[in-house]
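A.B. asks: What follows is a single structure, and I will ask about it in a moment.
The values are calculated or read from the model by the stated rules, or taken from the named source; none is laboratory data. Because the structure is a prediction, the values reported are computed rather than measured. Quick reminder, even Gly has a Cβ in these numbers, built from the backbone with ideal geometry, and neighbours come from all protein chains shown.
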Amino acid sequence: MRNSAGGFLSTIAGAVLLSRTVSSGHYYQPPYDLLSPLLQGCELLGRTPQGLLNSTTTFAYLVVWAVTGALMGLFSRPGWNTCRTTLWMGFFAALFATVSRLLVDPAFWTSSGRNLELLLTFVTFSMITQIGLIGALPVSTLLSRLMLGHDAPLPTKIETVCTCGAVFRSIPILCSECGRTLRTGHEE
């Protein structure tokens, strides 16, 4: 649940940021024009490889992926969990890009190559959103370290002395010399 929420919010943030910085040229009919930043932005997220190679949009794409990566890192734990969040972002971005495509070209849904194009859309978005790992992994690692806090320092010396004079370099339950109970099993 946490990963899907992170993917959903990252998709919205990345799409809106990208649609505000890079123009797409698509216009939607009046009931859907309220969603145009989200829908245009998701289409633009799908064009990340071309956007990174274009000198006029490279900076915008890098900033957007850094922001979405940091946002994904807030919702995930370090490691493979972060990769799961990026896959959720890919799913949501591909879903919104498909909706955008249907609004722009309604004949797409009845076209003969629809299934292959849908498969390619979702696979492409799954791969593209892995770029967000660059920002997500450091943020999730930093957050996990901050949440754990500082562990108690290790003792420099562990030593237990029995009343009979036996010295142990551990914390035994019983004295091996006299059999006296040094601690109960409930103590730590």
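A.B. asks: Looking at GLY51, GLY41, which one is in a helix (DSSP H, G or I), under 14 Å from LEU9 (Cα atoms) and in contact with a helix residue (DSSP H, G or I) (Cβ under 7 Å, 6 or more places away or on another chain)?
C.D. replies: Residue meeting the stated conditions: GLY41.
A.B. asks: Can we say THR129 is at pLDDT below 90 and of a type in the set (Val, Ile, Thr)?
C.D. replies: So THR129 does not fit the description; no.
A.B. asks: Out of the residues in the stretch 174-186 that are under 49 Å from the mean Cα position of the chain (by Cα) and loosely packed, with under 11 Cβ neighbours inside 10 Å, which is modelled with the highest pLDDT?
C.D. replies: THR184
Here is a yes/no grid of residues against (1) surrounded by 13 or more Cβ atoms within 10 Å (Cβ to Cβ); (2) over 19 Å from ILE134 (Cα atoms); (3) of a type outside the set (Val, Ile, Thr):
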| residue | (1), (2), (3) |
| --- | --- |
| SER4 | yes, no, yes |
| LEU9 | yes, no, yes |
| SER19 | yes, yes, yes |
| TYR27 | no, yes, yes |
| LEU34 | no, yes, yes |
| LEU39 | yes, yes, yes |
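A.B. asks: Looking at PHE108, is it in contact (Cβ under 8 Å) with a residue 60 or more places away in the chain and either under 22 Å from the mean Cα position of the chain (by Cα) or under 22 Å from LEU44 (Cβ atoms) (or both)?
C.D. replies: no
A.B. asks: Here is a list of conditions, (1) without any contact (Cβ under 8 Å) to a residue 12 or more places away in the chain; (2) within 15 Å of THR68 (Cα to Cα), and GLN50 meets all of them except one; can you say which number that is?
C.D. replies: (2)
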